[in-house]
Structures are given as structure tokens and as C-alpha cells.
Amino acid sequence: FPFFISDHSCFVWGGSRGSGLGGWQSPHLIEILSSVLLSFVCGCYRKEMPAFTCVDAAVPPPGYAFAWDGALPAQGASPGDASTTADGPTADLSSPWSTDLSAKLYRIDGWGAPYFCVNAAGDIAVKPHGAATLPHQEIDLMKVVKKASGPKSAGGLGLRLPLLVRFTDVLKHRLESLQQAFDVAIRSNGYGSRYQGVYPVKCNQDRYLVEDIMEFGAPFDFGLEAGSKAELLLAMTCLTRARPEAFLICNGYKDEEYITLALIARSMDLNTVIVLEQEEELDTVVETGERLGVRPVIGLRAKLRTKHSGHFGSTSGEKGKFGLSTAQILSVAQKLQRLEMLDCLQLLHFHIGSQIPSTALLSDGVGEAAHIYCELARLGALMRVIDIGGGLGIDYDGSRSGGSDMSVGYGLDEYANAVVRAVMLACDRKHVGHPIICSESGRALVSHQSVLIFEAVSSTTTKSEPSSSIWPNHACLLDELADDAHSDYHNLIAATLRRENETSVLYAEKLKQRCVDHFKDGILGLEHLAAVDAVCDLVSKEFDVADPVKTYHVNLSLFTSIPDFWAIGQLFPIVPIHRLDQRPVVRGILSDLTCDSDGKVDRFIGGQSSLPLHELERGGGYYLGMFLGGAYQEALGGLHNLFGTPSVVRVSQTGGPRCFAVTLAVPGASCTDVLRAMQHNPEVMFDTLKQRAEECAGGDAVSCALALAHSFDTMPYLVFDANGGYS
């Protein structure tokens, strides 16, 4: 039947006009509006004051005014409709989607080059040999996941997620590319010496990774750098199988035990250099060398004046954590001269800082250090090596920009050329022979070689659709509100009918706050509060102001597997590894399994506060990958909530039908492993619980004991069945 409100004409509903309520998106909101209107009509027929009386008294908050011409949206229209580009999940749904659009959306061609791409199946593919990879050599990440996590009865390895996948061919290609970049720069500039790198094991101490580096670097006399006694033992062991020219660089703070170990390495014909981080370390080196009868080779770490901004720059400059000032360098050189040991001083080391953003800053710092090197040679030191430290950066966000800690404005070739030219320029000016160039480029070597795979297991929205059980009683519940809340409620309805978006949102917030206060005072019950929240959320959703971001719950511990995100705000590329031939239709953040509010990823590369994602499908997993995390994350990860290390597979490219072979498979840490790491005794714990089960469970004691044994042996992460449920 035709209906209107006279005087204000705030709403017109008439079948002859054909507008109906089709413009409203939510059926629950239509139900609310209809019930209010019917309440008004019934009130008019009963000659009573209708429930909608407050519409006449609806006054907009200061700064807002009602302005409505009485027209409804066109049939089928929805608030906030707008055509957008294909840059995100809100793209024009009528346009086709493609894998190329996914690659652009997630910046894969930027941060992923030359090792990662999207294949025709919509999966992330790995190019193990970089740009030289042939199409049939590409490795489909989803196939690796299925092989690793599939049941053994079906030919899988039966590993649980999360899963760390190491690609040995990528590691080999990175090392060879770094060596080639310096070799080309040396030849093209006519440099009079060579490049000979070392791997700083602190970046990732994994046994197989370090052994691979030794194998792949053997033709180039690639060495190792250690920063502690344990790392020194590791490096010494690996270098016994290397050529004698490979460097063993001993960095870090040192005591007599550390120096004794380094000198023992020297006595074993390992090419060991003890780098002084503090001036007082020299006395210990000299005294220990005399006691052991070993003449040391000494290096100095210079504290440069050159410094770059940002988080990583805080470790450089005059106030840096490590190194000697110019006065201390002179003091050490003079003391060595008095001891007739100046020939022992052969290396200069420095570190501008990690993630050096530009070659301009790099050239400035290397040039400063090269002049110090030349001055030490002038003073009589037998200088032969300049160790430029780390700093070769990674393009985490694909922008190739030097403006942040997340990217760098150069590639390997530009980096190597800048270093060679800066050293050569300083040495030529002072007529000093060109030194061996050594670098400690750990991040650049190992970041690309591993991918962390984890599964999204469920999702929730901040503003969820209210339960249908609320609606049969919503009118009664809302009519029971106190007078001031009742007035706010009808003002909200009036503004909603007028389609005044901002005013409606303000009234909704006002109503919710007033009802929360009433709830705290004991005036309202939980059902009333739920009904008010539901109405306000529906209004927000109708006007597209509700938070559209979903929370995807992932089977992962952020603190174990991506600690740098939590600790220093480091961003890593995170991308779905499949379904990239489909349009991502939602935006989401990631929430991990830990009982910690910081256990979430809500910042992503490109300055984004959410990530384009696909809707979860029942019966099929949704897999995400964290890329470029091969440096530091494994060594820094902790045991928060006793979530342990992920499962690991080591993958090499082969000529078989799958294009790959798993050469090593290691299950993730079990509950027994993580408990033992925290000084618990799992065997005693099991016996205690088993005895208690026998006392309390009666005939089910055996079943309880089996379940307990299984719990100790399994990983702490969640397990899901084929339908996506818990098993």
C-alpha cells in the first residue's frame, strides 16, 4: 500500500513508483526499516503516537545538514558502486582476470626477479637458474607442497605444515652471480687483483646450507666469517674441506678462548684472520700467539664516518657498535711496529650498514675505507685485503628504490662496479697496489633460496553478519531501550532512510556508546546490546563504511618463522602460491596461532595495510608463501607458545616429470622437541600423565595413553582433515 510521511517527506514507498526497497543491500536492514514503517502506520490507524515520532525531532549533529530530494536509488543499485582498476580486489568484476594481473598486483616481477614468476596454472613457479631457466625447468611450488605434505601411502612425504622449502639451485645461482658481477667489474676496470668472498654464517647457520655454500664456492676460494666461538668451530670444520686460500674471517668480541681457537685454526693451515673490534684485543692476540707459538694474521675493523639513515644505518658511523676510531687504528699500528709485528697487519674491514640504499653511498663509504687502507700500507703494514663487509641489499618490495629499508636502487653488477671503482681510485691516487676485495654478503646470498609455506585455515571479518536468531525479537528488544537510547535509535533510522551516510554513521556510534554505558550500569541485557550492535553494523555495511578487511587465521607462529616483522618491522613479500589465475576478491590481514596480540601481519610491501586474497574454499587448502626470508629468520626465531620450527625440504631441479627432486626432508619440531628445549623432561611428563590417566580413566586408560604419546610426538601446529576441519 502507498505510504508516506507528511511534512518532511523523508521516505516514499509506493508500488506504482517501482522503486521498492531494491536499492538496499541487506535483507536484515530492509526488515528493520519495514518494521519501523509498519509500526508508524499501525500507530496512525490506532490514532496513537507512532514509534517513529522521533523522526520529526531528528537533528543532525553539528556540521551536518539533511538534504534529500525524496528519490530512491535505481533498482539494483548499491551504495558505493564505482568502477575501479584492476589493481586490487575491488577491481571491475566484469573485466577478465589473468596471471599477468596477479603478477602485477603482488609485484612478483619486481621482488621476485629472476627467480619467481606465475605460471599458466596460476601457481608460483621457481626459476632455479634465474633468467637462464628453461620453461621445462621451472618448479611449481604447489607441486612441492603436495609432494611434501601428501600421505606416504600416495607417494608423499607425510610432512606437516608450515613448510620451509630450500632451493639449492637458487643458492648456487646467487653465489655464482655475485662472483661473476665482481669478475666482470674487475676485468672491465682493469683492476689489478681479485674478488674473494666469505659467507657470514650468522645469516643462517643451517648445516646443509653452509655445506652447499662451501661446495658451490669452492672454485672461487669462497670462505666463511664467524662471530662467536660456536660459529668459529662450525667454520673451521667446513673449511677443512676447502682450498687453503679460502678466508676464515674472525669477527665479533673476543676473549682468550676465542683467540686461542682462531690461532689453532691458523696452525691447521686455515687462512685465518683475526679482526680486532676493540683496541684491547690486540694484547690478548699477541700474548696468546706467543704462548701457542703461532704468528697471527691481524685485521682491523674501522669505524667509518660514512653513515646511512634508516634502521640498518644505526650500526654504522662514528657511533656504531663495532670498530676502531682513526686514533685507535694509529695506536694499534704503532704498537705492532714497536713489537716488530706490523707485517701481521694485513686486512682492513668495515661495515657501512645492512641494506645500503644506493651506489652513491656505497662509493662514499668504500672510498673512505680505501684511503685508510692506503695509509696503513704507507705506515708499513703488509696490507693485502680490504673486507667491505655486508650491506649488499635486497629489493623486498620490488620498487628498486633507495628511499627505504625495504629496497635498494641497484643490482649486483652496479654494486660490484661501484666497489671496484672506489677502491681502485683511492689506491691509484696513493700509488698503492690493488688489494684483494672481500665481502660478507650474507643477506644477498641466502635470502632468495628459501620459501616459507603456510596455510590459512579460517577467516573472520571485523563486522560480521549478525546471527539470524536475533531478528525475530529485534523490534521488541530495540523498543525496550531507555528513552535517550530510543531517541538515538530512531534518529539513526531517520538518517538511514534519508541515505545520509555520514550522519547515519555518527548516530550509530552515538547509539552504540550510549547502550554500552547502559549495559555497564545494568540497565540493558546482553540481548539488547547484541541487537543494537547488529543494527549499527548493518547500517555501516549498507553505506560501505564497515571495515571490509578480513582476518585470515594462519597455521604459523610469527615469532618463530618471521621474527623480524615483529622485532624491527621488516616487510617480506607474502603471496598466495596458487589460484593466481583467479581474481582476489577480499582484502585481509594475517593472524597467527600464538596467544599474543602482536602475532599478526597487518603491514605489507608497497605501503599496504592489507593483502589481496581469495575466499577460502571448503575442502581445499589456501596456501601462502613468505619469500626472501632465507637470512636471519631461522636463527632469530623463538619458541613463543612453544611453537617450534617448521618442516623442511631441500629441493633440486631435475629432468624428471616433476622437474624437481626432494633431496632432504626433515619433520618440524615436535612437542617433545620444544618441551625439551625449555629444560622439561618429556619422558617423565608422559609417565606422570599416563599414571594419572590409569587412575582416573578406568577402561579408557590405554586409549588415553596412546593419545598422550601421539601428542608428544606431533608438531604443536594445527592439523586439518580434507574438508578443512580439525582432525
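Structure notes:
- Qualifying residues in the stretch 639-658 (those that are touching an Asp or Glu at 6+ places or on another chain (Cβ under 7 Å) and surrounded by fewer than 20 Cβ atoms within 10 Å (Cβ to Cβ)) - the one farthest from residue 449 (Cα to Cα): 640
- Just one residue in the set 413, 397 is among the charged types (D, E, K, R) and open to solvent by less than 40 Å² (accessible area, probe 1.4 Å); that residue is 397.
- Restricting the stretch 267-291 to residues that are free of Cβ contacts under 8 Å to residues at least 60 places away in the same chain and among the β-branched types (Val, Ile, Thr), the residue that is nearest to residue 227 (Cα to Cα): 274
- For first residues located in the stretch 592-609 and farther than 15 Å from residue 571 by Cβ, partners that are in a strand (DSSP E or B) and open to solvent by 80 Å² or more (accessible area, probe 1.4 Å) and lie 6+ apart or on another chain with Cβ distances below 8 Å form the pairs 592/600.
- All positions within the stretch 202-237 that are β-branched (Val, Ile, Thr) and within 22 Å of residue 663 (Cα to Cα): 210, 213
- One residue stands out in the stretch 384-411 among those that are in contact with a Lys or Arg (Cβ under 9 Å, 6 or more places away or on another chain) and among the hydrophobic types (A, V, I, L, M, F, W, C): the one that is nearest to residue 195 (Cα to Cα), namely 392.
- Scope the stretch 505-519; condition closer than 15 Å to residue 481 by Cβ and surrounded by fewer than 21 Cβ atoms within 10 Å (Cβ to Cβ); matching residues: 510, 512, 513, 514, 516, 517, 518, 519
- Scanning the stretch 357-380 for residues that are in a loop (DSSP other than H, G, I, E, B) and either open to solvent by less than 10 Å² (accessible area, probe 1.4 Å) or more than 25 Å from residue 298 (Cβ to Cβ) (or both) turns up 357, 358.
- Hey, residue 575 in contact with a Phe, Trp or Tyr (Cβ under 9 Å, 6 or more places away or on another chain) and in a strand (DSSP E or B) or not: yes
- Candidates 629, 619, filtered to the one that is closer than 20 Å to residue 204 by Cα and not β-branched (Val, Ile, Thr): 629
- The set of residues in the stretch 418-459 being within 30 Å of residue 169 (Cβ to Cβ) and surrounded by fewer than 21 Cβ atoms within 10 Å (Cβ to Cβ) consists of 436 alone.
- Conditions (1) within 14 Å of the chain's Cα centre (by Cα); (2) open to solvent by 10 Å² or more (accessible area, probe 1.4 Å): number failed by residue 579: (1)
- Residues located in the stretch 100-142, provided they are buried (at least 18 other Cβ atoms within 10 Å of the Cβ) and among the aliphatic types (A, V, I, L, M): 101, 103, 105, 108, 118, 124, 125, 126, 139, 141, 142
- Search result, residues across the stretch 488-504 that are open to solvent by less than 40 Å² (accessible area, probe 1.4 Å) and assigned to a helix (DSSP H, G or I): 488, 489, 490, 491, 492, 493, 494, 495, 496, 497, 503, 504
- Within the stretch 428-464, restricting attention to residues that are under 25 Å from residue 273 (Cβ atoms) and of a type in the set (Lys, Arg), the residue that is nearest to the chain's Cα centre (by Cα) is 443.
- Positions within the stretch 587-597 being part of a loop (DSSP other than H, G, I, E, B) and open to solvent by 30 Å² or more (accessible area, probe 1.4 Å), in sequence order: 593, 595, 596, 597
- Matching residues in the stretch 689-727 - criterion: being at pLDDT 85 or above, within 26 Å of residue 617 (Cβ to Cβ) and aliphatic (A, V, I, L, M): 715, 718, 719
Per-residue answers, yes or no, for (1) open to solvent by 40 Å² or more (accessible area, probe 1.4 Å); (2) modelled with pLDDT of 95 or more:
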| site | (1), (2) |
| --- | --- |
| 315 | yes, no |
| 319 | yes, no |
| 336 | no, yes |
| 339 | yes, yes |
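- In the stretch 206-227, residue nearest to the chain's Cα centre (by Cα) [restricted to those that are of a type in the set (Gly, Ala, Ser) and closer than 16 Å to residue 183 by Cα]: 217
- Condition check for residue 581 on (1) of a type outside the set (S, T, N, Q); (2) farther than 17 Å from residue 454 by Cβ; (3) in a strand (DSSP E or B): one failure, at (3).
- Residues in the stretch 400-410 that are open to solvent by 20 Å² or more (accessible area, probe 1.4 Å) and among the hydroxyl-bearing types (Ser, Thr, Tyr): 401, 404.
- Of note, residue 130 does not satisfy the criterion of being of a type in the set (Gly, Ala, Ser) and modelled with pLDDT under 95.
- Strands (runs of 3 or more DSSP E) fully within the stretch 598-687 that include at least 2 residues being closer than 30 Å to residue 461 by Cβ and under 18 Å from the mean Cα position of the chain (by Cα): 611-613, 622-626.
- Flag for residue 343 being in contact (Cβ under 8 Å) with a residue 24 or more places away in the chain and part of a loop (DSSP other than H, G, I, E, B): no
- Conditions (1) assigned to a helix (DSSP H, G or I); (2) open to solvent by 40 Å² or more (accessible area, probe 1.4 Å); (3) of a type in the set (A, V, I, L, M): number failed by residue 718: (1)
The values are calculated or read from the model by the stated rules, or taken from the named source; none is laboratory data. This is a predicted model, so every value here is computed, not measured. Don't worry about glycine lacking a Cβ; one is built from the backbone with ideal geometry, like all the others, and counts go over all protein chains shown. Side chains are part of the model used for accessible areas, which takes the heavy atoms of the whole protein and leaves out ligands, DNA and RNA. Shrake-Rupley method; radii C 1.70, N 1.55, O 1.52, S 1.80 Å.
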